[in-house]
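The values are calculated or read from the model by the stated rules, or taken from the named source; none is laboratory data. This one's a predicted model, so the numbers in the text were calculated from it and none came from an experiment. So basically every Cβ, Gly included, is an ideal-geometry build from the backbone, and we count neighbours across all protein chains shown.
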Amino acid sequence: MIQRVLVANRGEIACRVLRACREAGLSSVAVYAENDRLGMFKELADDSVLLEGDTIAETYLNGAAIIEAAQQTGADAIHPGFGFLSERAEFAQAVMDAGLVWIGPSPQAIEQMGDKMSARQIMKRAGVPVIPGVEIEEEDETHAMQAIRAAAQETGYPLLLKATAGGGGKGMRVVHTQDELEQGAQAARREALAAFGDGRVYVEKLLMKSKHVEIQILADAHGRCIHLGERECSVQRRHQKVFEEAPCSSMTPSLRERMGQAAVAAAKAVDYVGAGTVEFLLADDQSFYFLEMNTRIQVEHPVTEMVTGVDLVREQLRIADGQPMAVDELNIRGHSIEVRLYAEDATNNFLPAIGPLAVFRPPVGPGIRLDTGVREGDEVTPHYDPMLAKLIVFAPTRHEALQRMRRALDEFVVLGTTTNIGFLRDLCDVPEVISGDTYTSMIDDLYPDGYKFVPKQEHLDVALLSAAVAETTGMHRLRTAAKQSSGNVASPFQSLNRRYP
C-alpha cells in the first residue's frame, strides 16, 4: 500500500495534490527549487527536499534528482501533477524501475498518446473519429516541407499545423492560404523543436467556429473504464484555455453518451489506467473529432469535480494503489465555471507580468472555490508559468454560475502586479459567453486589434472598499502597489494616488 507520496511539481497543482494526500491519510514530500524556498506548497508537505540547480532543467525537470529525493525520504510513490515531467514516458518508466509507484498511466500509454500522429492512427483503428488531415513522418526539413505542401493541397485551406509531440498550444499555426504555408510551417517546426526536441508537424483541416469539448475518463486495474461527462474549453487565446465550464451548454444526453463512449474506446485502445482526458472538436451538426488525449490530471479538472462530486486526485491515488475506483455511476448536477487568473497584461498582447502580490484578496461566499499556490506577500517572478490561481464557481444553473463568477471577479483584488482579472470579467458579459455560443477562435474575433480594458464605476467602488478593509497594509504600500498594477479589476486603485496623495 502507498504510504508516502512525493509530489514532483510546484505551485497550485502541488498544493492540490498535497492536500489530497493529507485527506487520504498519506504522508507527503515536496521537492522545490531555491527560488521556491518560501513557496506555499512546500509548507503543506510533511517533508521537503531542495533540488540543487538554477534552471528548470536542473530542478523540476531533473527526473534522477526527484527519484533520489523520493528514495531519501522514504516515499513509495510519485505524483507528477501536470506539466513538467507528467507526460514523460521515460520518467514514468524510471520511477517504476526504481521500485516506486507511478501515479499515472503506463509509460506505454503516455508514449502512444504523447505522439500526436501515433495517437491519430490508434484512434482510427479504435473507430474514434479524427479530424481530416495527413500525418507527416519526415524529419528532414526539405522533405518535410515537400510533404507539408502535398498534405495542404489534399486537406485544403484553412488548415492547422500541429506539433507531433506538442501540447499547450506550442508548435501550432493556423494557415489560411497557400501564401502563408511556408512561413507557418517553418515557425511551427522551429517552435516545436525548441519546446519538445521534435520538429515534426502534421496537417489538419481547420474546423471553423467549432467547440473544444473534452471528456474526463477514469480507469482502474480491475477492468472498469468510465467517463465522467464533459468540460467545454472553447474560450481560448493562443490555443490556451482561459474559461472552462461543465457541462457543455450544447450537450444533449445522446451526444454525451456518444462522446463518452468514444473517449472510453480511446482509453481502452491503449490499456489506460488512471485519470485522463480525451479532447474533441465539436461541430455545429454535433459531429465530433478526436484532438488528443492528455495522460494526466487537467488544469480544468475542478469543474468536473464540482458537478459530479468526484475527487479526481483522490481517485488517482486510490487507483495507483491498486484499489477499485470509488465511483459508481455518472451523476451530473448544477453548473461549474473556471477561469484562470494570470499575472499578465491582457492589454499588451497578454505579456507575462512580474511583481509583488502586495494585496491578494480572493472572493469568498457560497459556491466559490480557489485553487492557488500563492498568497499575499508572495512575489511573481519570470521563472515559471504566470498562472496565479484558478477561480471556480458552482451554482444550480449556468445563468446563476455566470452571475456568481461576475460577483467573484468583481470582489477579487490583486495589487502589485498586472493581472487579467479585468479581461476575465469582461468575458462574462460577452454575448456569446452569455448564450453559450462560444467557439475556439472567439477571442481573436472579438478583439482583432487586441483587448482594451475600460474600468467601470463598480470596480472603483470595490477597490475603495478593499482599501478600507486593507488599512493595516498601509496606504503607502497600497499606492506603491497601485503604480505597479494595470489591467486588473482592481486597477482603479490607481485613483487612490489622485484622491489620497
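Conditions tested, residue by residue: (1) within 20 Å of ALA263 (Cβ to Cβ); (2) touching a residue at least 40 places away in the same chain (Cβ under 8 Å).
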site: GLN72; (1), (2): no, no
site: GLY83; (1), (2): no, yes
site: ALA109; (1), (2): yes, yes
site: MET113; (1), (2): yes, yes
site: VAL128; (1), (2): yes, yes
site: GLU139; (1), (2): no, yes
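Per this entry, PHE423 is not counted among residues that are within 21 Å of HIS301 (Cβ to Cβ) and outside any loop (DSSP other than H, G, I, E, B).
Within this structure, ALA152 passes the test of being hydrophobic (A, V, I, L, M, F, W, C), surrounded by 15 or more Cβ atoms within 10 Å (Cβ to Cβ), in a helix (DSSP H, G or I) and free of Cβ contacts under 8 Å to residues at least 60 places away in the same chain. Counting only helices (runs of 4 or more DSSP H) that sit wholly inside region 51-118, those with at least 3 residues that are in contact with a helix residue (DSSP H, G or I) (Cβ under 6 Å, 6 or more places away or on another chain) are 89-97, 107-114. Only one entry in ARG258, ARG296 is out of contact with any strand residue (DSSP E or B) (no Cβ under 6 Å at 6 or more places or on another chain) and either at pLDDT below 95 or not in a loop (DSSP other than H, G, I, E, B) (or both), namely ARG258.
Each residue in region 250-260 was checked for being more than 16 Å from THR308 (Cα to Cα) and either touching a residue at least 60 places away in the same chain (Cβ under 8 Å) or among the small types (Gly, Ala, Ser) (or both), and 2 pass.
For region 341-353, does any single residue satisfy the condition of being in contact (Cβ under 8 Å) with a residue 60 or more places away in the chain, touching a strand residue (DSSP E or B) at 6+ places or on another chain (Cβ under 9 Å) and β-branched (Val, Ile, Thr)? The answer is no, given that none of the residues of region 341-353 is in contact (Cβ under 8 Å) with a residue 60 or more places away in the chain, touching a strand residue (DSSP E or B) at 6+ places or on another chain (Cβ under 9 Å) and β-branched (Val, Ile, Thr). Consider region 211-247. How many of its residues are without any contact (Cβ under 8 Å) to a residue 60 or more places away in the chain and surrounded by 21 or more Cβ atoms within 10 Å (Cβ to Cβ)? Number satisfying all stated conditions: 1.
Between LEU26, LEU100, LEU51, the distinction of being modelled with pLDDT of 95 or more, buried (at least 17 other Cβ atoms within 10 Å of the Cβ) and under 14 Å from ARG10 (Cα atoms) belongs to LEU51 only. Restricting ALA163, ALA194 to those that are of a type outside the set (Lys, Arg), modelled with pLDDT under 90 and assigned to a strand (DSSP E or B) reduces the list to ALA163. Applying the criterion of being in a loop (DSSP other than H, G, I, E, B) and not acidic (Asp, Glu) to the residues of region 205-221, the residue that is nearest to the chain's Cα centre (by Cα) is SER210. If you go through region 348-361 and keep only what is surrounded by fewer than 18 Cβ atoms within 10 Å (Cβ to Cβ) and either not in a strand (DSSP E or B) or not assigned by TED's automatic domain parsing to the domain that holds PHE394 (or both), you end up with ASN348, ASN349, ILE354. Exactly one residue out of ILE319, ILE337 is modelled with pLDDT of 95 or more and in a helix (DSSP H, G or I), and it is ILE319. Just one of the numbered conditions (1) of a type outside the set (Asp, Glu); (2) at positive phi; (3) surrounded by fewer than 17 Cβ atoms within 10 Å (Cβ to Cβ) is not true of GLN183: (2).
Scan region 6-22 and tell me whether some residue there is in contact with an Asp or Glu (Cβ under 9 Å, 6 or more places away or on another chain), surrounded by fewer than 21 Cβ atoms within 10 Å (Cβ to Cβ) and either touching a residue at least 24 places away in the same chain (Cβ under 8 Å) or not in a loop (DSSP other than H, G, I, E, B) (or both). Yes, the conditions are met somewhere in region 6-22.
So that you can scan it fast, the table gives a plain yes or no per residue for (1) touching a Ser or Thr at 6+ places or on another chain (Cβ under 6 Å); (2) part of a strand (DSSP E or B); (3) aromatic (Phe, Trp, Tyr); (4) farther than 18 Å from LYS116 by Cα:
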position	(1), (2), (3), (4)
GLU182	no, no, no, yes
ARG189	no, no, no, no
VAL203	yes, yes, no, no
GLU232	no, yes, no, yes
VAL235	yes, yes, no, yes
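The residues listed here are THR372, THR417, THR438; of these, the one that is under 28 Å from LYS209 (Cβ atoms), among the β-branched types (Val, Ile, Thr), in contact with a helix residue (DSSP H, G or I) (Cβ under 7 Å, 6 or more places away or on another chain) and crowded, with 18+ Cβ neighbours inside 10 Å is THR438. Within region 166-179, being surrounded by fewer than 22 Cβ atoms within 10 Å (Cβ to Cβ), in contact with a Phe, Trp or Tyr (Cβ under 9 Å, 6 or more places away or on another chain) and either assigned to a strand (DSSP E or B) or free of Cβ contacts under 8 Å to residues at least 24 places away in the same chain (or both) holds for GLY167, LYS170, HIS176, THR177. Here GLY133, GLY39, GLY63, GLY81 are screened, and the one residue that is closer than 19 Å to VAL201 by Cβ and buried (at least 17 other Cβ atoms within 10 Å of the Cβ) is GLY133.
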